[in-house]
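Here the structure is laid out as structure tokens; the discussion comes afterwards.
The values are calculated or read from the model by the stated rules, or taken from the named source; none is laboratory data. Keep in mind it's a predicted model, so treat the numbers as computed, not measured. Cβ placement follows ideal geometry from the backbone for every residue including glycine, while neighbour counts extend to all protein chains displayed.
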Amino acid sequence: MNEAEVLRAEGLTRVLGEVTAVAGVSLTIAAGEWVSLVGPSGCGKTTLLQMLGLLDRPTAGQLRLAGVDPWKGTVSARTLLRRERIGFVFQGNNLIEYLTARENVALPAWRLLGSRGAALAAADGLLDRLGLSARADTRAALLSMGEGQRVASARALVNRPQVVLADEPTGNLDKASGEIVMAALGEVCVTGSALLVVTHDVGVAARANRTLTMSDGRILDR
Ligand SMILES: Nc1ncnc2c1ncn2[C@@H]1O[C@H](COP(=O)(O)OP(=O)(O)OP(=O)(O)O)[C@@H](O)[C@H]1O
Ligand SMILES: [Mg+2]
């Protein structure tokens, strides 16, 4: 493995019933790299991201995260990899509705930081950064779509992950809030983490070091 490489996929495939949502995707992402993933609706972006984030098991193909094959290890080893190394921003936020914004952000950090107080402090810092201090104690169910999306980005960053996978993180945001979210996500690259962002926004895509284009379950050659 190349030293700088944090994520490598070879021939990743996911078959869902009759549909081959992802059909043999190979890619590598290096430390500190910011990559955009674009392509039409239904081409397999979310399905690919969920495999890269260890949320869905590939039907075929190989994955390496920091040199480790996550599907060769145990379920708890994968849980640890997800918690410690991956930050995931879901297309639909996936916040826990009955928890407040700060509790949602703090939850993944609680075990890693060893105390509820430290996790809440980390959450408060990120919520402040994302312009959400005033909404910190609001239950997720009562947040607007855009507020929820910013909380989801804060949650993905709280454990300082090596790889951030973000699925349309600015889809429900106005320009100013989108800028704040992309600045916060993009900053992880400065400290050597990798960022992969699915986006339909050409402005967001253009900020990356590199753009991957998907069509019909495949990455197109450029
Ligand atoms: N659980 C599932 N069962 C069957 N088919 C699925 C499932 N999830 C996704 N698909 C199909 O897989 C294909 C890829 O879906 P995916 O959600 O990855 O697309 P996408 O590129 O993220 O689209 P969008 O830009 O609209 O979010 C689509 O044809 C979709 O209908
Ligand atoms: Mg999608």
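Numbers for the structure displayed
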| item | result |
| --- | --- |
| Single unsatisfied condition, GLY73 versus (1) farther than 13 Å from SER215 by Cα; (2) out of contact with any Gly (no Cβ under 7 Å at 6 or more places or on another chain); (3) buried (at least 16 other Cβ atoms within 10 Å of the Cβ) | (3) |
| Residues (buried (at least 19 other Cβ atoms within 10 Å of the Cβ), of a type in the set (A, V, I, L, M, F, W, C) and within 16 Å of ligand 2 (Cβ to nearest atom)) located in the stretch 36-62 | LEU37, VAL38, CYS43, LEU48, LEU49, MET51, LEU52 |
| Residue within the stretch 176-197 that is assigned to a loop (DSSP other than H, G, I, E, B), in contact (Cβ under 8 Å) with a residue 40 or more places away in the chain, within 16 Å of ligand 2 (Cβ to nearest atom) and not small (Gly, Ala, Ser) present | no |
| Filtered residues of the stretch 111-142 (kept if over 20 Å from GLY92 (Cα atoms), among the charged types (D, E, K, R) and part of a helix (DSSP H, G or I)) | ARG111, ARG116, ASP124, ASP128, ARG129 |
| Pairs with Cβ under 7 Å, 6+ apart, first in the stretch 31-53 and within 19 Å of ARG160 (Cα to Cα), second of a type in the set (Val, Ile, Thr) and more than 8 Å from ligand 1 (Cβ to nearest atom) | ALA31/VAL6; VAL35/ILE29; GLY53/ILE86 |
| Test for LEU65: is it within 16 Å of ligand 1 (Cβ to nearest atom) and either crowded, with 21+ Cβ neighbours inside 10 Å or closer than 19 Å to LEU195 by Cβ (or both) | no |
| Checklist (1) within 14 Å of ligand 1 (Cβ to nearest atom); (2) of a type outside the set (A, V, I, L, M); (3) in contact with a strand residue (DSSP E or B) (Cβ under 9 Å, 6 or more places away or on another chain) applied to PRO70, failing item | (1) |
| Any hit, the stretch 89-112, residues being of a type outside the set (Phe, Trp, Tyr), within 16 Å of ligand 2 (Cβ to nearest atom), at pLDDT 95 or above and buried (at least 20 other Cβ atoms within 10 Å of the Cβ) | yes |
| Single residue of GLY192, GLY203, GLY178 found to be among the small types (Gly, Ala, Ser), under 27 Å from LEU27 (Cβ atoms), over 15 Å from the mean Cα position of the chain (by Cα) and crowded, with 18+ Cβ neighbours inside 10 Å | GLY178 |
